[in-house]
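Working notes, structure below.
Taken together, the values in this text are just the output of simple stated rules run on the coordinates, not laboratory data. On a predicted model such as this, the values are computed, not experimentally measured, just so you know. Because the Cβ atoms are built from the backbone with ideal geometry, glycine has one as well, and the counts that use them run over all protein chains shown.
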Amino acid sequence: MEWKGRRQSGNVEDRRGATGGKVVGGGIGVIVIALLVMVLGGDPMAVLSGAGQGSSVAAPAGPGIDDEGREFVSVVLADTEDVWKDLFKKMGRTYQEPILVLFGGEVESACGYANAAVGPFYCPADNKVYIDLAFYSDLKDRFGAPGDFAQAYVIAHEIGHHVQNQLGISRKVQQMKGRVSEEEYNQLSVRLELQADFYAGVWAHHAHQTKGVLEPGDLEEALQAAAAIGDDRLQKQAQGYVVPESFTHGTSEQRMRWFQKGWESGRVEDGDTFTARRL
């Protein structure tokens, strides 16, 4: 991915640094659950609620702490700002830029306390994306999805949830909680996640069209990342079998296909996963 030397977003909040107090939701149980959801977006409350309360949050990072990592996410975030501002303008809307929070170990959000095991997540209550850059090492080493465009896909997916929040889609899904069965709500969650994958593909389409950011092999990196965090693959790795009715993010095949569809289409209106007959 061509990213060095390009515009960086000013909407990055760096909270990395020393931490103190209790690690939120520590223990093998939370880590296993995190492996099953490996959030890459979605409703973080399912993991955050009941995870415990930490006594402090990360202090601001000093200069020089993974400056290249910060630069990279700042450039990707800037690209998402440019793309979605333009697309929202064409829809007659105004895009409100989110904040991307870098943290190390644990963090406090408007959705609650979280530790790094939760993975990257978007909190609709404060319009912020949260990511511990150590997740990228897991993405490469544990899940076999290396590459800078795989990392960019992670951010673009979370921004996809912000787009859903801006369009009122997330709220409609959240309002169904408690009104439908758990299995039916899981299906709605899957559709929400797959739409965020589609929006990530839409971003890639326009970012490459306007800035030529993709290099050979980049698209394959994103697809490999999408496949790596499919519910079926994660459940198979964690427990040796899959439980389709418990899926909340979609299968590897579904996640790859909806990202690919967004990449090929570039049209926001083509991503209505909620009326799609085939997921």
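Put a dot 7 Å past the Cα of Glu71, heading toward its Cβ, do the same for Arg179, and the two dots end up 4.9 nm apart.
The protection proxy used here, the mean number of other Cβ atoms lying within 10 Å of each residue, ranks peptides 184-192, 122-130, 208-216 as follows, highest first: 122-130, 184-192, 208-216.
A full extension of the chain between Glu215 and Lys140 corresponds to an added length of 25.1 nm, given 0.36 nm per residue minus the alpha carbon distance. Placing unit charges on the Cβ atoms only, positive for Lys and Arg and negative for Asp and Glu, gives the stretch 84-164 a dipole magnitude near 440 debye about its Cα centre. For the stretch 184-279, the convex hull drawn through the C-alpha positions has a volume of 84 cubic angstrom per residue. In this simple spin-label approximation, Ala238 and Lys172 carry label points 7 Å from Cα along the Cα→Cβ vector, and these lie 2.9 nm apart. Against the empirical curve 2.2 N^0.38 Å, the C-alpha radius of gyration of the stretch 90-223 lands at a ratio of 1.11. Maximal additional length on extending the Met91-Leu279 stretch stands at 65.1 nm, based on 0.36 nm per residue less the C-alpha distance. When both the stretch 137-186 and the stretch 192-216 are represented by their alpha-carbon centers, they are found 15 Å apart.
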